1. Do we have any residue at all in the stretch 139-146 that's surrounded by fewer than 14 Cβ atoms within 10 Å (Cβ to Cβ), assigned to a strand (DSSP E or B), in contact (Cβ under 8 Å) with a residue 12 or more places away in the chain and not assigned by TED's automatic domain parsing to the domain that holds residue 316?
2. Which residue is modelled with the lowest pLDDT, if the candidates are limited to the stretch 109-120 and must be within 13 Å of the chain's Cα centre (by Cα) and surrounded by 20 or more Cβ atoms within 10 Å (Cβ to Cβ)?
3. Considering only the stretch 246-299, state which residues are under 24 Å from the mean Cα position of the chain (by Cα), part of a strand (DSSP E or B) and farther than 15 Å from residue 231 by Cα.
4. Does residue 159 meet the test of being touching a residue at least 12 places away in the same chain (Cβ under 8 Å), over 22 Å from residue 184 (Cβ atoms), assigned by TED's automatic domain parsing to the domain that holds residue 184 and assigned to a strand (DSSP E or B)?
5. Is it the case, given these coordinates, that residue 188 is under 30 Å from residue 104 (Cα atoms) and in a loop (DSSP other than H, G, I, E, B)?
6. Right, residue 149: under 23 Å from residue 107 (Cα atoms) and assigned by TED's automatic domain parsing to the domain that holds residue 112 or not?
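The values are calculated or read from the model by the stated rules, or taken from the named source; none is laboratory data. In this text, all values refer to a predicted model and were calculated from it rather than measured experimentally. Positions of Cβ are backbone-derived with ideal geometry, glycine not excepted, and every protein chain shown enters the neighbour counts.
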């Protein structure tokens, strides 16, 4: 005699395991689950006929399980997040990657990103306003960035006055650092004199997760990017606050203002605020500025720690955070 488990429909046994063998919940997978439920398929050899009421209950159960699985998959899969519109942030068409903004069928704005740009690494960008500088000179431009998956907003370019030296042939060119902390779809809204001029959508790839190297400066070994940023640290242990000495290299104007340290764990899109303070140039251990901090990261694994100064990403460091010892 067959066991109760063997008498269960195929789709129930299939749902006992994760439906996400691929990085997203595909239409084929959805169709398979729904068809099995609608047809009331059972194990071969079982002859008992289902009643309409039981079939209705089975179908409703399948929808509930599918909904739970879909929500779980959305949370775990950045790729799926990019496919599904986020309520309040526009539909999928609004988030189609584009480097050109058109108005009335005419190109109005272009975005040109530098090099192999990736999350956590400043790459630089040109924003070509396809309007002669004579028509824009004296006005102000500001660029903000919105991350589709999380709703994170950043100031890509602080309000800046448009001047004649931004002229380039018959259009106006403005540059920015183009430094984003998270991978995924970002929309850049370009405002001229507080009015929207256009927007660009960029799918920012994730950067590599190789551990940052060590280097020496002064008498100390540091972890980070030599000549840019690094910190002296004891072992990093999850949920264990400790003191860390950060060092920075750059121009005085880069190293003055509000400093914010955030972090993101590999495989997630949650930005964790780690530390914030004010910074000013202060030569120390061979660096142009240095500052002590207290930091703690909430779980073990690979983390990208990012430093921003005055809202602009300055640089990032990849570290391994250990499990607490029992």
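1. Within the stretch 139-146, not a single residue is surrounded by fewer than 14 Cβ atoms within 10 Å (Cβ to Cβ), assigned to a strand (DSSP E or B), in contact (Cβ under 8 Å) with a residue 12 or more places away in the chain and not assigned by TED's automatic domain parsing to the domain that holds residue 316.
2. 120
3. 258, 264, 265, 272, 273, 276, 277
4. yes
5. no
6. no
Residue by residue, here is whether (1) in contact with a strand residue (DSSP E or B) (Cβ under 9 Å, 6 or more places away or on another chain); (2) over 24 Å from residue 276 (Cα atoms) holds:
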| position | (1), (2) |
| --- | --- |
| 168 | yes, yes |
| 180 | yes, no |
| 195 | no, yes |
| 225 | yes, no |
| 235 | yes, no |
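Listed here are the residues, each with its yes/no results for (1) farther than 21 Å from residue 150 by Cα; (2) modelled with pLDDT under 95.
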{"position": "242", "(1), (2)": "yes, yes"}
{"position": "253", "(1), (2)": "yes, yes"}
{"position": "274", "(1), (2)": "no, no"}
{"position": "282", "(1), (2)": "yes, yes"}
{"position": "288", "(1), (2)": "yes, no"}
{"position": "309", "(1), (2)": "yes, yes"}
{"position": "320", "(1), (2)": "yes, no"}
